[in-house]
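Student: Sharing a structure here in structure tokens format.
The values are calculated or read from the model by the stated rules, or taken from the named source; none is laboratory data. Computed from a prediction, not measured in an experiment: that's the story for all the values here. Note that we place each Cβ from the backbone using ideal geometry, even for glycine, and neighbour counts take in every protein chain shown. Keep in mind that these areas ignore ligands, DNA and RNA; they rest on the heavy atoms of the full protein, side chains included. Shrake-Rupley method; radii C 1.70, N 1.55, O 1.52, S 1.80 Å.
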Amino acid sequence: MGKIEQLIQQYCPEGVEYFSLKELGCLYSGLSGKSKEDFTNGNAKYISYVNIYNNPSLKTDIEDRVKISEGEKQNIIQYGDLLFTGSSETPDECGMCSVLTQHTDEKLYLNSFCFGYRFFSLSDKSPSFMKHLFRSIGIRKKICKTANGVTRYNISKKEFVNIEIPLPPLPVQQEIAKILDTFSELQAKLQTELQTELQARQQQYQYYRDKLFSFEGRDDVEWKKLGDVCEIGTGSHNTQDGLTEGLYSFYTRGSEVLYLNDYDYDE
């Protein structure tokens, strides 16, 4: 029996309980009353749509700034808050979640195109567990079902708060988060190593390509103009009549390969 199974047997032998989001916390909105000029030379950090979309664990080392006046009332992100993208062009990309998993003394504000969710209490909840849970396929399917629209889809807050999530005891949450964090770190390490290897191979290819095609100064190599060794022409202008059972392949503007009965080009 694995450690997680042992913890489940110890802390919740009857199974993991499910709770609706409205039972566990409440929603809050992003920045309000801001103009385009407020995002130029700002004095406070704000969390962008892209930051939330790309990072299960919120990235706080950022340069995104917004102007906040003294005494201005805006929602401030707290440790453990869940942040969601509010809309997208497809329902499958709506409601992507990022979690503030680290304590910070900086005031962080939320983009107006996103919304936040705050648990009533974090005493029995692991933010690191939540960042994995809300990116899991099961919860993502539930979130996507709350998106409504035609050309632009928006999360229905009324439906969103009725989503039910599993809430195992804290020790189980922490063990699950520990395992998944280990996999994430390994994946990031492998991606870095593969990128470094790929870059090295690209540089190696370019070096040998340029060296092998460097014929300047050699007496045993003959240079000729393209016009002396081949015929140069444009693409066919009358392709439709030759498409059926054609003999010669040609490429369209897309990726499809069609066939012509004969070449037809302008000199």
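Student: Where nothing but the Cβ of Lys and Arg (+1) and of Asp and Glu (-1) is charged, how large is the charge dipole of the chain around its Cα centre, in debye to the nearest 20?
Tutor: The calculation lands at about 1660 debye.
Student: Per DSSP helix of 4 or more residues, -39500 (n - 2.57); summed, then divided by the residues of the chain. What does that give at 222 nm, rounded to the nearest 500?
Tutor: Only helices count here, giving -9500 deg cm²/dmol.
Student: Which loop-located GluC sites (Glu not before Pro) does the range 68-137 contain, where loop means any DSSP state but H, G, I, E or B and the Cβ has at most 13 other Cβ atoms within 10 Å?
Tutor: Answer in residue order: GLU70, GLU72, GLU89, GLU106.
Student: Is the shape of the range 96-188 rounded, prolate or oblate, going by the alpha carbon gyration tensor and its root eigenvalues a ≥ b ≥ c, with a/c under 1.5 for rounded and a/b larger than b/c for prolate?
Tutor: prolate
Student: In Å², and per residue, what accessible area does the range 97-234 have when probed at 1.4 Å with the other protein chains present?
Tutor: 69 Å²
Student: Pairs LYS73/LYS142; LYS67/LYS158; LYS73/LYS157: which exceed 29 Å Cα-Cα?
Tutor: Where the Cα-Cα span goes over 29 Å, the pairs concerned are LYS73/LYS142; LYS67/LYS158.
Student: Hey, another quick one. Can you give the FRET efficiency for ASN148 and ALA44, using 1/(1 + (r/R0)^6), R0 = 30 Å, r = Cβ-Cβ distance, to the nearest 0.05?
Tutor: In this case the efficiency is close to 0.40.
Student: Which of LEU110, LEU170, LEU194 moves most in a GNM of the chain, Cα contacts under 10 Å?
Tutor: Checking each option, the largest mean-square fluctuation is seen for LEU194.
Student: Also, quick follow-up: Spelling out what I want: for every residue of the range 74-79, take phi, set θ = phi - 60°, compute 6.51 cos²θ - 1.76 cosθ + 1.60 (Karplus), and round to whole Hz; glycine and proline get x.
Tutor: Residue by residue, the range 74-79 yields 9, 5, 10, 5, 10, 3 Hz.
Student: Could you state the principal axis extents of the C-alpha atoms in the range 37-108, from the largest down, to the nearest angstrom?
Tutor: Extents along the principal axes, in whole Å: 39, 29, 21.
Student: Roughly speaking, to the nearest percent, how much of the chain's 1.4 Å accessible area is carbon and sulfur?
Tutor: 50 percent
Student: Averaging over all projection directions, find the projected area of the Cα convex hull of the chain and quote it in nm² with one decimal place.
Tutor: 27.4 nm²
Student: Rank these residues by their accessible area, most exposed first, probe 1.4 Å: CYS12, CYS230.
Tutor: Heavy-atom accessible area, descending, gives CYS230, CYS12.
Student: Of CYS12, ILE68, GLY25, whose Cα points farthest to the positive end of the dipole of the range 1-139 (charges on the beta-carbon: +1 Lys, Arg; -1 Asp, Glu; origin at the Cα centre)?
Tutor: ILE68
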